[in-house]
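**Student:** Below is the structure I would like to discuss, written out as structure tokens.
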């Protein structure tokens, strides 16, 4: 069965303001006898379409150009994205037995606008450190030397 999502405000008394309880009950009835996971989270604004266009059209392109110029590597957009996630959007874990730290890249899909902007800033810094390339900010004009 597919994952369902219900959105409602919560009143001061802790009750759902939009009557979605009947929908939720019908969904749960259809899952009778099964073990379910119930997840409640605060609704947040997802990264914007403009942020996404900027990331794939500007940040990724600058990384691709830098990798080609400095490393001689022809990377596609997805390879660049995976590299940037590994180095700019990860969780660190420590193996308690060995003390070795390792990183697990995290998805950017569920990032809200603020989280995604933090990620973009990390990407811009990495591109500058690796390739000495300043990635322009959104809506920033580049001035080319003549």
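**Student:** Quick one: is residue 8 without any contact (Cβ under 8 Å) to a residue 24 or more places away in the chain, over 30 Å from residue 126 (Cβ atoms), outside any helix (DSSP H, G or I) and in contact with a strand residue (DSSP E or B) (Cβ under 8 Å, 6 or more places away or on another chain)?
**Tutor:** yes
**Student:** Just one of the numbered conditions (1) modelled with pLDDT of 90 or more; (2) out of contact with any helix residue (DSSP H, G or I) (no Cβ under 7 Å at 6 or more places or on another chain); (3) surrounded by fewer than 17 Cβ atoms within 10 Å (Cβ to Cβ); (4) within 30 Å of residue 3 (Cα to Cα) is not true of residue 100; which one?
**Tutor:** Status for residue 100: all satisfied but (4).
**Student:** Now a separate question. When residues of the range 69-124 are filtered for being free of Cβ contacts under 8 Å to residues at least 60 places away in the same chain and in a helix (DSSP H, G or I), how many remain?
**Tutor:** Step one: filter the range 69-124 for residues free of Cβ contacts under 8 Å to residues at least 60 places away in the same chain, giving 71-107, 109, 114, 118-119, 121-122.
If we keep only those that are in a helix (DSSP H, G or I) as well, we get 71, 77-88, 114, 118-119, 121-122.
The total comes to 18.
**Student:** Name the residues in the range 125-135 that are in a helix (DSSP H, G or I) and surrounded by 13 or more Cβ atoms within 10 Å (Cβ to Cβ), would you?
**Tutor:** Residues of the range 125-135 in a helix (DSSP H, G or I): 125-131.
Answer for the range 125-135, where residues must be in a helix (DSSP H, G or I) and surrounded by 13 or more Cβ atoms within 10 Å (Cβ to Cβ): 126, 127, 128, 130, 131.
**Student:** Out of 4, 82, 73, 78, which single residue is modelled with pLDDT under 85 and either exposed (fewer than 14 other Cβ atoms within 10 Å of the Cβ) or in the same structural domain as residue 112 (by TED's automatic domain parsing) (or both)? Give the steps one after another, and end with the answer.
**Tutor:** Details: 82 fails: modelled with pLDDT under 85; 73 fails: modelled with pLDDT under 85; 78 fails: modelled with pLDDT under 85.
Selected residue: 4, the only one of 4, 82, 73, 78 that is modelled with pLDDT under 85 and either exposed (fewer than 14 other Cβ atoms within 10 Å of the Cβ) or in the same structural domain as residue 112 (by TED's automatic domain parsing) (or both).
The values are calculated or read from the model by the stated rules, or taken from the named source; none is laboratory data. Note that this is a predicted model, so its numbers are computed, not measured. Cβ: placed from backbone, ideal geometry, glycine included. Neighbour counts: every protein chain shown.
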